[in-house]
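Written out below as structure tokens is the structure these notes cover.
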Amino acid sequence: MNTHEVTNQSIPLTGYDASEDPALLEALDREGAGWASGKVREVGRLAGSEEHQENGRLANENPPRLHTHDRFGHRVDEIEFHPAYHDLMAAAVGHGLHAAAWADPREGAHVARAAAFCAWSQSEAGHCCPVSMTYSIVPALRQSPDLARQYEPVLTTTAYDRSSRPPLDKRGLTAGMSMTEKQGGSDVRANTTAARRQDDGSYRLVGHKWFTSAPQGDLFLVLAQAEKGLSCFLLPRVLPDGTRNPMRVMRLKDKLGNRSNASSEVEYENATAWLVGEEGRGVRTIIEMVNSTRLDCVIAASAMMRQGVIHAAHHASHRQAFGKTLIDQPLMAGVLADLAIESEAATTVMMRLAGATDRALHGDEKEAAFRRLALAAVKYHVTKQVPAHAAEALECFGGNGYAEESQMPRLYREAPLQSIWEGSGNVAALDTLRALARTPESAEVFFEELEASSGVDHRLDDAIARLKKDVANAEEASARRLAESMAVTLQGALLVRYGHPAVADAFAATRLAGDRGRAYGTIPASAGTGSILPRAIPSL
């Protein structure tokens with residue numbers, strides 16, 4: 001007898017199109033970027049390819065290493081990455097997922113980028129951090145037109161150039177931000193890094209930063225205290241004369257997840273930087289970058305949920321128990337359908353925010369006002385859903401999901417990051433209140449968006465009525481509850497208006513009417529699963 005015969009196991013999930021998501025592709029067309037469907041599908045096929053799935057594994061199993069000095073004792077502050085990481089970066093930049101949309105005058109360019117970035121993020125999450133920050137630096141940099149004229153053309157190229165040279169001597173650039181200090185965290189006004197103006201107009205920065213991700217980048221936006229208060233600066237890693245700017249990488253963080261990405265502590269020893277925006281208005285300047293990265297947090301959260309659904313449904317389609325495949329078991333079908341509903345809701349609202357971003361950049365003030373409020377609430381809620389979603393998707397594999405080979409532990413470790421990055425839950429919830437108080441026009445256009453779907457589903461109508469009362473009585477102690485209600489009601493309105501009828505009905509029954517338990521898969525039988533699950537399984 002054979003002692004080892006493999007039966008009833010799934011097959012590898014490679015060679016699929018990560019963009020093959022009806023909610024994503026339908027929204028791509030609806031939000032004005034149908035012209036980019038071919039490119040999005042191309043990126044999706046790359047993300048699901050055996051090559052880049054393997055690159056994702058290798059980049060995480062071989063995390064970056066810090067070299068502070070060369071063999072002769074010279075300070076170098078270089079980060080060494082596995083070649084798989086560079087392959088992922090080259091593919092992402094080569095397809096313009098970083099800053100190329102800023103150089104594309106077409107309407108829908110930022111929607112196209114959001115859809116492609118959502119698909120590509122399913123290959124590996126860590127390298128997407130510098131990709132996202134490079135995208136997000138451009139609107140902040142534009143507040144100093146002279147700096148933007150110099151650097152934006154190089155930031156928006158599709159060349160991945162990882163050499164250590166002066167930025168303007170390179171074919172392409174990556175960028176980052178450096179805000180957090182150990183005594184301040186989200187309270188950046190407590191920062192102590194000091195900036196002193198020089199006769200030539202540059203500044204010298206002295207201080208310590210507690211979190212600087214991707215310190216191998218070429219340019220960084222840094223917050224520091226100048227004479228007139230907290231200000232924003234552009235700091236290059238290599239100076240125009242080819243010497244290294246004294247930005248000292250002290251150590252790399254040992255993190256829960258995001259292992260392929262180098263997050264570090266840095267110190268500035270009279271590092272040279274240039275003012276961006278006005279002195280004393282650093283928060284207002286850098287908030288342009290923060291808002292863009294917050295949208296990317298929602299994109300990444302949507303990508304992780306979609307990845308969890310795809311992997312769980314794929315496994316359940318090939319694994320049998322008690323004479324039937326798992327996906328044909330009613331209880332498992334309910335779990336998968338519930339995961340798919342949450343994923344579709346996240347993707348739909350994410351693409352609506354991408355559309356608002358694109359239209360706001362083309363001068364639509366109503367869309368700008370909508371984005372101001374909706375982004376804060378959605379960032380709070382959608383990113384909060386990922387950890388429980390990842391845990392349930394992992395459990396669909398049973399013990400196999402707990403093994404690293406399944407990729408599910410990597411997804412699970414990555415899941416909490418998006419709700420922490422760019423302002424944790426309390427910060428996002430309070431920002432929702434701030435938007436309501438300071439920009440009342442945001443509330444007006446937000447409710448206009450909801451009421452465009454009213455009269456179709458009584459559960460949605462009831463949710464909108466409840467939300468109006470909650471907004472009228474908003475207070476800090478209930479900010480989290482309010483942000484969640486706003487995001488969930490917006491998701492419901494979009495699904496009722498644009499989504500698949502079965503998904504919209506199930507969402508309204510479970511998320512708006514509250515007919516749902518506390519765990520995935522406890523949706524009522526009346527919600528149905530038959531037409532939801534096929535949308536969760538890509539073609540192989």
Would you confirm, using the coordinates I've provided, whether Ser144 is touching a strand residue (DSSP E or B) at 6+ places or on another chain (Cβ under 6 Å) and either under 18 Å from Gly277 (Cα atoms) or surrounded by 24 or more Cβ atoms within 10 Å (Cβ to Cβ) (or both)?
yes
Those residues of the range 14-26 which are in contact with a Gly (Cβ under 8 Å, 6 or more places away or on another chain) and not acidic (Asp, Glu) amount to Thr14, Gly15, Tyr16, Ala18, Ser19, Ala23
Taking the criterion of being surrounded by 19 or more Cβ atoms within 10 Å (Cβ to Cβ) and among the aromatic types (Phe, Trp, Tyr), would at least one residue in the range 267-280 satisfy it?
yes
The range 180-198, residues that are open to solvent by 70 Å² or more (accessible area, probe 1.4 Å) and in a loop (DSSP other than H, G, I, E, B)
Lys182, Gln183, Ser186, Asp187, Thr192
Would you be able to say whether some residue in the range 480-488 is crowded, with 20+ Cβ neighbours inside 10 Å, in contact with a Leu (Cβ under 6 Å, 6 or more places away or on another chain) and part of a helix (DSSP H, G or I)?
no
Does the range 496-509 contain at least one residue that is open to solvent by less than 70 Å² (accessible area, probe 1.4 Å), more than 21 Å from Met351 (Cβ to Cβ) and in contact (Cβ under 8 Å) with a residue 24 or more places away in the chain?
yes
Quick one: in the range 170-193, which of the residues that are touching a strand residue (DSSP E or B) at 6+ places or on another chain (Cβ under 9 Å) and among the small types (Gly, Ala, Ser) is farthest from Ser424 (Cα to Cα)?
Ala175
Could you tell me whether the range 306-319 includes any residue that is of a type in the set (Ser, Thr, Tyr) and touching a residue at least 40 places away in the same chain (Cβ under 8 Å)?
yes
Of (1) at pLDDT 95 or above; (2) more than 13 Å from Gly492 (Cβ to Cβ), Glu449 fails just (2)
Please state which of the following conditions Asp296 fails to meet, knowing it meets all the rest: (1) open to solvent by less than 40 Å² (accessible area, probe 1.4 Å); (2) in contact with a strand residue (DSSP E or B) (Cβ under 7 Å, 6 or more places away or on another chain).
(2)
Anything in the range 1-54 that is among the acidic types (Asp, Glu) and more than 26 Å from Ile341 (Cβ to Cβ)? List them, or say none.
Glu5, Glu42, Glu50, Glu51, Glu54
Any idea which of (1) in a helix (DSSP H, G or I); (2) of a type outside the set (Val, Ile, Thr); (3) open to solvent by 50 Å² or more (accessible area, probe 1.4 Å) is the one Pro63 doesn't satisfy?
(1)
For the range 160-176 the number of residues that are of a type in the set (A, V, I, L, M) and open to solvent by less than 20 Å² (accessible area, probe 1.4 Å) is 2
Give Glu50, Glu5 a once-over and let me know the one that is at pLDDT 95 or above, open to solvent by 10 Å² or more (accessible area, probe 1.4 Å) and acidic (Asp, Glu).
Glu50
Please enumerate the residues belonging to the range 194-213 that are at pLDDT below 95 and either among the small types (Gly, Ala, Ser) or more than 20 Å from Leu417 (Cβ to Cβ) (or both).
Ser213
Scanning the range 199-217 residue by residue, those open to solvent by 10 Å² or more (accessible area, probe 1.4 Å) and either within 30 Å of Asn258 (Cβ to Cβ) or without any contact (Cβ under 8 Å) to a residue 60 or more places away in the chain (or both) turn out to be Asp199, Asp200, Val206, Gly207, His208, Trp210, Phe211, Ser213, Gln216
Test for Ile523: is it more than 23 Å from the chain's Cα centre (by Cα), open to solvent by less than 20 Å² (accessible area, probe 1.4 Å), of a type in the set (Val, Ile, Thr) and under 28 Å from Ala27 (Cα atoms)
no
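The values are calculated or read from the model by the stated rules, or taken from the named source; none is laboratory data. Given the structure is predicted, the values throughout are model-derived calculations rather than measurements. A quick note on method: Cβ atoms are made from the backbone with ideal geometry, for glycine too, and the neighbour counts reach across all protein chains shown. Areas reflect the complete protein model, heavy atoms only, side chains present, ligands, DNA and RNA absent. Shrake-Rupley method; radii C 1.70, N 1.55, O 1.52, S 1.80 Å.
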